[in-house]
Amino acid sequence: MELSWGLLLLVAAMGAFALFWHDTLGARDLANDAARETCESTGAALLDGTVSFHRLRFVRGDGGRPALERTYLFDYSDDGVTRRQGFVVVCGRRVESVGLQ
């Protein structure tokens, strides 16, 4: 079988997508943990049990290198009646900030 440039580019693109997907799953796990810990520490209940993806953008990370910044939203309730929204910002492999409404 002869390896053409088109096939080589396709394999490289699929590899890049697989790495991106794996990184995204890791960032979502970090965001879920941060949302759960924040709700537990404030006495709030994390509703739906998970975060949802909101935004992806390129930013300058540590040392000025390009990094992906992902923002996730989650719903919580501090009184059992009112539904509020919080957010988690993950940059690379680090939770940058967590906010509650």
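Data table
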{"quantity": "Estimated FRET transfer efficiency when R0 is 30 angstrom, pair residue 20-residue 85 (beta carbons, to 0.05)", "calculated": "0.70"}
{"quantity": "Simple spin-label estimate for residue 9 and residue 65 in nanometres, 7 Å along Cα-Cβ", "calculated": "2.8 nm"}
{"quantity": "The chain: angle of helix 5-42 to the longest principal axis, Cα-based, in degrees nearest 10", "calculated": "10 degrees"}
{"quantity": "Cα-projected label distance for residue 97 with residue 55, points at 7 Å along beta-carbon direction, nm", "calculated": "1.0 nm"}
{"quantity": "Fraction of the pair-distance distribution of the chain above 23 Å, Cα-Cα pairs, percent", "calculated": "40 percent"}
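Each value in this text was obtained by applying a stated rule to the coordinates, not by laboratory testing. Just so you know, these numbers come straight off a predicted model, no measurement behind them. Because the Cβ atoms are built from the backbone with ideal geometry, glycine has one as well, and the counts that use them run over all protein chains shown.
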